[in-house]
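Working notes for the structure below.
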Amino acid sequence: MSSPLARLLRQLSAGFSNQHQAFENPPLYAHILVKFRPLPQLVPGSLLLEQTYAITPGVPYRIRVLRVEQQEQNLVIHNQALHDEQRFWGAVQDDEKRALITAADLKPLEGCAYVVRETADGFNGEVEPGCRCLVERKGATSYLVSSFELSAHGMRTIDRGHDPNTHEQLWGSLAGPFEFQRTEDYSHELPGDWLAA
């Protein structure tokens, strides 16, 4: 019987696309690719995340190293930025470039961890409370309100930025969540000892 941590790592280690949603409703949804790949050279539970627009697949608008861990009652996904991140653009598709990422390249993002709970068919997660996950976008600072639902078939996500003082929404989805379908499976790249924990 696998642990919740192992099940989350397996479901997360994949590629996702919202092509169907984007083609059905192009004014509201860009076509986005999201990929999570294991980084066996880092501490257990480390995954490289790249989010790109389908028209510019080698130029991610978000690149992070996630670290998934079990904490008492909850699973937690820690968010880490990369120093000089452009060096690693495209690493999600490039084994050699991905292997170059070391612990020294990581920069923890305070207040940006996701608290995750297991559901009947997958997992739900949301950014930890406290409005401390600050994001710079279009020259303004906002705090991130973000959640996801993950299943064996795909993922739904919603990200919004709010003004730290007025709490007014500054950016993000007005039309509802992004609906991603699973397009690739990278779970075979997970080291066996990560799944035994």
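The values are calculated or read from the model by the stated rules, or taken from the named source; none is laboratory data. Being a predicted model, the structure only gives us computed values, none of them experimental. Using ideal geometry, Cβ is built from the backbone for each residue, glycine included, and neighbour counts are taken over all protein chains shown. For accessibility, only protein heavy atoms count, side chains too; no ligands or nucleic acids. Shrake-Rupley method; radii C 1.70, N 1.55, O 1.52, S 1.80 Å.
The table for this structure:
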read-out	value
Top-ranked residue of the range 46-61 - restricted to ones that are open to solvent by less than 20 Å² (accessible area, probe 1.4 Å), of a type outside the set (S, T, N, Q) and not in a loop (DSSP other than H, G, I, E, B), ranked as farthest from Ala91 (Cα to Cα)	Leu47
Residue within the range 171-189 that is among the aliphatic types (A, V, I, L, M), more than 15 Å from Ala6 (Cα to Cα) and at pLDDT below 95 present	yes
Top-ranked residue of the range 8-20 - restricted to ones that are open to solvent by 30 Å² or more (accessible area, probe 1.4 Å) and in contact with a strand residue (DSSP E or B) (Cβ under 7 Å, 6 or more places away or on another chain), ranked as farthest from Lys107 (Cα to Cα)	His20
Pick from the range 28-45, criterion open to solvent by 40 Å² or more (accessible area, probe 1.4 Å) and of a type outside the set (A, V, I, L, M, F, W, C), ranking: farthest from Gly176 (Cα to Cα)	Gln41
Count - residues of the range 132-150 that are assigned to a strand (DSSP E or B) and either crowded, with 16+ Cβ neighbours inside 10 Å or within 14 Å of the chain's Cα centre (by Cα) (or both)	10
Count - residues of the range 98-122 that are open to solvent by 60 Å² or more (accessible area, probe 1.4 Å) and out of contact with any strand residue (DSSP E or B) (no Cβ under 7 Å at 6 or more places or on another chain)	8
Residue that is nearest to Ser2 (Cα to Cα) [pool: residues in the range 106-131 that are among the charged types (D, E, K, R) and within 18 Å of the chain's Cα centre (by Cα)]	Glu118
Residue in the range 66-79 that is surrounded by 16 or more Cβ atoms within 10 Å (Cβ to Cβ), without any contact (Cβ under 8 Å) to a residue 40 or more places away in the chain, over 20 Å from Gly15 (Cβ atoms) and in contact with an Asp or Glu (Cβ under 9 Å, 6 or more places away or on another chain) present	yes
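To keep it simple, each residue is scored yes or no on (1) among the aromatic types (Phe, Trp, Tyr); (2) closer than 24 Å to Met155 by Cα.
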| position | (1), (2) |
| --- | --- |
| Ser46 | no, yes |
| Glu50 | no, yes |
| Arg64 | no, yes |
| Val68 | no, yes |
| Asn74 | no, yes |
| Ile77 | no, yes |
| Trp89 | yes, yes |
| Gln93 | no, yes |
| Glu96 | no, no |
